[in-house]
Number of protein chains: 2
Amino acid sequence: MRAEPASLRERKKQRTHAALVDAAVRLFRARGYDATTVEEIAAAVEVSPRTFFRYFDGKEEVALAPFVEFDRLLVDALADRPAAERPLPALRAAYETSLTHLAGDRGVLDRFLTAHFLTGQTPALLAGRLRRQADTERLLAAEIARRCGTGDDDVRPHLLVQLVFAAARVGFETGCRRGVLDQPEKLAASVVHALDLATAGLTRHWGEPWA
Amino acid sequence: MRAEPASLRERKKQRTHAALVDAAVRLFRARGYDATTVEEIAAAVEVSPRTFFRYFDGKEEVALAPFVEFDRLLVDALADRPAAERPLPALRAAYETSLTHLAGDRGVLDRFLTAHFLTGQTPALLAGRLRRQADTERLLAAEIARRCGTGDDDVRPHLLVQLVFAAARVGFETGCRRGVLDQPEKLAASVVHALDLATAGLTRHWGEPWA
DNA sequence: AGCTAGTTTGTCATCGACTGACAAAAGACA
DNA sequence: TGTCTTTTGTCAGTCGATGACAAACTAGCT
């Protein structure tokens, strides 16, 4: 997926980064987000608090790191779809690919679900997550606009992405409420169902090259 | 719309609240959100910083106060729709009523557009706004579920609200980008257009009592 | 190995958001 | 007027976040 830097410095940085995420997520889950200080996270990795802020823009970012991971999967997955594919199928395929990847790696899934759990507990984290999602949505909309050759004034790329994300959110949410930890495959099914409902009729009503 | 308290204390509190919002919004627009301190806002109203935090949970809340105002309009408008009306028309009508109300009052509109401008400039504010919207969406979904008599496990109320809000966001955004300050009525038109695109075919595909 | 240049980290100082505790001021009411 | 309740101000303190500078470290070269 990515080139190996192999430089001693690089590897050390990556290890510190991962260690900070792990320690933070673990502490957040144990004591709660607000009750955990940056100082404690840094201490757990034996690093100065100042260094923590050199790896992350803030306490929030480290808690949302798992979502950054997933969004990167999603953007990459869309970029990998064949150029001829229409937007809606491409988006759905990208989403399903990412979900499969997520459910396949226990480590990634655990981090993601913990982060999701935290956003459900801490309003400030939910806020940050939604804003991050908005950024990703803009990225995806731009990619779709590029594929379709539409101008910046066409609302349909943004609208389509918003619909898909809205549906995915709802599907994901209900999927989680019915216990995903046991059967990760049900998560994807729940999302797909919501997508079906949300995009029903788009093909018929938005015209041929669309949806 | 609301009972008159008339108590001297109550009136004083309301005046302080409004003065804080006005001062805050004015300062935020002039110097930027991050560059404005709570101390400055409090000083502008001749109140101690401690008192500021008794009126608002934080600096963020005072900046988002105009959205709270609008969301309240929206929730009230939906509650006022006839019980027999189906969800989608009811939601759309509620949204249009609120937009009309918004565009009709210059003071409310100014505060709202300034707040919207600020969220476009400050990531932290955008985050808070999105979270707030999520709360409102849950409120509206619950109200729709109540109207339709569906259980908590039906995704359609949530999904419908998400679709409408997603469309409204996109419509609002593009409407703003094409200059709303001149013609507030174009704002509503832009939103309606996005709503049409997003919900095209829902009636046909979701079945009779729905959409 | 030893030297040098560039990078990463720690220390220190500081700011601003936010909170608890308690005292002072002001409205409410007999 | 005197008392009771609510609101406000003062004070002290915690925590998140950032700039500045020095110390430790790595890379690459001799």
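The values are calculated or read from the model by the stated rules, or taken from the named source; none is laboratory data. Everything quoted here is computed from the prediction, not taken from an experiment. Don't worry about glycine lacking a Cβ; one is built from the backbone with ideal geometry, like all the others, and counts go over all protein chains shown.
Going residue by residue through segment A:64-74, is there one that turns out to be touching a residue at least 24 places away in the same chain (Cβ under 8 Å), part of a helix (DSSP H, G or I), within 16 Å of DNA strand D (Cβ to nearest atom) and within 14 Å of another protein chain (Cβ to nearest Cβ)? Checked segment A:64-74: at least one residue is touching a residue at least 24 places away in the same chain (Cβ under 8 Å), part of a helix (DSSP H, G or I), within 16 Å of DNA strand D (Cβ to nearest atom) and within 14 Å of another protein chain (Cβ to nearest Cβ).
Can you find a residue in segment A:119-129 that is farther than 14 Å from A:Leu64 by Cβ, crowded, with 17+ Cβ neighbours inside 10 Å and within 14 Å of chain B (Cβ to nearest Cβ)?
No, that holds for no residue.
Residue count for segment B:134-166 satisfying the condition of being of a type outside the set (Val, Ile, Thr) and either in contact with a Lys or Arg (Cβ under 6 Å, 6 or more places away or on another chain) or more than 22 Å from A:Thr199 (Cβ to Cβ) (or both): 10. Do you know which of the residues in segment A:16-32 that are of a type in the set (Lys, Arg) and away from DNA strand D (no atom under 13 Å from the Cβ) is nearest to A:His116 (Cα to Cα)? Per the stated criteria, the residue is A:Arg29.
On the given criteria, is A:Ala134 facing chain B (nearest Cβ under 10 Å) and either touching a strand residue (DSSP E or B) at 6+ places or on another chain (Cβ under 9 Å) or not hydroxyl-bearing (Ser, Thr, Tyr) (or both)?
Details: facing chain B (nearest Cβ under 10 Å): yes; either touching a strand residue (DSSP E or B) at 6+ places or on another chain (Cβ under 9 Å) or not hydroxyl-bearing (Ser, Thr, Tyr) (or both): yes.
Judged against the criteria, A:Ala134 is a match.
Considering segment B:77-91, and only residues there that are surrounded by fewer than 19 Cβ atoms within 10 Å (Cβ to Cβ) and in contact (Cβ under 8 Å) with a residue 60 or more places away in the chain, the residue that is nearest to B:Ala23 (Cα to Cα) turns out to be B:Ala79. Of the residues screened, B:Ala6 is not one that is within 16 Å of DNA strand D (Cβ to nearest atom) and either within 14 Å of chain A (Cβ to nearest Cβ) or within 30 Å of B:Ser190 (Cα to Cα) (or both).
State all residues of segment A:32-54 that are more than 13 Å from DNA strand C (Cβ to nearest atom) and closer than 17 Å to A:Leu64 by Cα; if no residue qualifies, say none. Walk me through how you get there before you give the answer.
Within segment A:32-54, the first condition is being more than 13 Å from DNA strand C (Cβ to nearest atom), and the residues that meet it are A:32-33, A:36, A:40.
Passing the criteria: A:Gly32, A:Tyr33, A:Thr36.
Could you pull out the residue among B:Ala200, B:Ala166 that is at the interface with chain A (Cβ under 9 Å from one of its Cβ atoms) and in contact (Cβ under 8 Å) with a residue 12 or more places away in the chain? Reasoning before the result, please.
On the way: B:Ala200 fails: in contact (Cβ under 8 Å) with a residue 12 or more places away in the chain.
Unique residue meeting the criteria: B:Ala166.
Across segment A:17-53, the qualifying residues are those that are within 22 Å of the chain's Cα centre (by Cα) and not hydrophobic (A, V, I, L, M, F, W, C), and the one among them that is nearest to A:Ala124 (Cα to Cα) is A:Tyr33. Here the condition is being within 14 Å of DNA strand D (Cβ to nearest atom) and away from chain A (no Cβ under 14 Å); of B:Lys13, B:Lys59, it holds for B:Lys13 alone.
Rundown of residues vs (1) buried (at least 17 other Cβ atoms within 10 Å of the Cβ); (2) in contact with a strand residue (DSSP E or B) (Cβ under 7 Å, 6 or more places away or on another chain); (3) touching a residue at least 24 places away in the same chain (Cβ under 8 Å); (4) of a type in the set (Lys, Arg), yes/no style:
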| residue | (1), (2), (3), (4) |
| --- | --- |
| B:Ala141 | yes, no, no, no |
| B:Arg156 | yes, no, yes, yes |
| B:Val170 | yes, no, yes, no |
| B:Arg177 | no, no, no, yes |
| B:Ser190 | yes, no, no, no |
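In summary, A:Arg15 fulfils each of the numbered conditions (1) exposed (fewer than 12 other Cβ atoms within 10 Å of the Cβ); (2) over 19 Å from A:Arg111 (Cβ atoms); (3) not assigned by TED's automatic domain parsing to the domain that holds A:Phe112 with the single exception of condition (2).
Would you mind finding the one in B:Ala35, B:Ala83, B:Ala43 that is more than 16 Å from DNA strand D (Cβ to nearest atom) and either among the hydrophobic types (A, V, I, L, M, F, W, C) or more than 14 Å from every other protein chain (Cβ to nearest Cβ) (or both)? If you could, list the steps in order and put the result at the bottom.
On the way: B:Ala35 fails: more than 16 Å from DNA strand D (Cβ to nearest atom); B:Ala43 fails: more than 16 Å from DNA strand D (Cβ to nearest atom).
Going through B:Ala35, B:Ala83, B:Ala43 in turn, just one is more than 16 Å from DNA strand D (Cβ to nearest atom) and either among the hydrophobic types (A, V, I, L, M, F, W, C) or more than 14 Å from every other protein chain (Cβ to nearest Cβ) (or both): B:Ala83.
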